[in-house]
Each structure stands twice: as C-alpha cells, then as structure tokens.
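The values are calculated or read from the model by the stated rules, or taken from the named source; none is laboratory data. Remember, it's a predicted structure, so these values are computed and weren't measured experimentally. Here Cβ is always computed from backbone atoms with ideal geometry, including for glycine, and neighbour counts include all displayed protein chains. For the accessible areas, the whole protein counts, side chains as well, though only heavy atoms, and no ligand, DNA or RNA atoms are used. Shrake-Rupley method; radii C 1.70, N 1.55, O 1.52, S 1.80 Å.
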Amino acid sequence: VQLQASGGGLVQAGGSLRLSCAASGGTFSNYAIGWFRQAPGKERELVAAISWGGGRIYYADSVKDRFTISRDNAKNTVYLQMNSLKPEDTAVYYCATKRGWSSDLDQGRRYESWGQGTQVTVSS
C-alpha cells in the first residue's frame, strides 16, 4: 500500500486544518492507520490511530478533544480533523499502515507503509 498525505499548511493558533491520507495499491481496509508527527529536535509521536473498520480509535492526550480521526474505506482515505490548533502542534505529520490493533500501537517500527509527510505550522 502506498500512502499520500496532504492538507498541511500554515494556520494561526486556534485555527483548523484537515489532513488526508490517501492509499493506493493495496487492500486499504485491511490496515489500521496511524497519524504520527515529528517536530524539529523531538521524537516522532503517535497522534491518533483508527482500526480497519473504524471501531477503535486512539488519541494522544495532547490532542484529545481537539483532533478527530476518521476513515472512508470506499475512498481509501483517512482524515485527521485538527481544531483549536496550538503552536506546539507544529510538526511534519505522517500517516502509516499497521496490521492489527495491539498494545504497540505507538511503536512506529510496527507500521509498514508510510506517507511522505505534510508540514503543519501553527503561528502564535
């Protein structure tokens, strides 16, 4: 499966963006999808994840109640709606595929395919 992330940009604090992760070349609905982010000088962190059917969802504490992850398997796309953005949300955001749903959800090495990343910059 190949992934293409898009939707990043520059936004003021308090604003919103919607990221998209479009998949091709495989059976998209077989995979859980995670959105990770990496800011300069910081480790990559899992922001949100959604199971193959959408029935299980994970959010990092730092984004709960502000971000919403969803998927449309008919369109082979996962979305990350980001509201009430803060300067600390500034990072490159990546989507990635994972087989199954398990306790190692936040381990990037457990993910198979990665998108190219999309830059999100939140100004204060």
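The candidates D106, D65, D72, arranged from most to least accessible area with a 1.4 Å probe in the full protein assembly, appear as D65, D106, D72. The largest accessible area among T121, T77 belongs to the first residue in T121, T77, and the rest follow in falling order (1.4 Å probe, all chains).
A straight Cα-to-Cα reach below 30 Å connects K42 with the lysines K64, K86, K98, residues fewer than 8 places away in its own chain not being considered.
Normalised by residue count, segment 1-65 yields a Cα convex hull volume of 115 Å³ per residue. Between segment 60-124 and segment 1-58, how far is it from one alpha carbon centroid to the other, in angstrom? Using only Cα atoms, the two centres lie 3 Å from each other.
Near N30: Cβ cut-off under 14 Å, other residues only, Lys/Arg at +1 and Asp/Glu at -1. The net charge is +2. In percent, rounded to a whole number, the relative contact order of the chain is 36, using alpha-carbon pairs under 8 Å and six or more apart. In this Cβ point-charge picture (+1 for Lys and Arg, -1 for Asp and Glu), the chain has a dipole of about 200 debye about its Cα centre.
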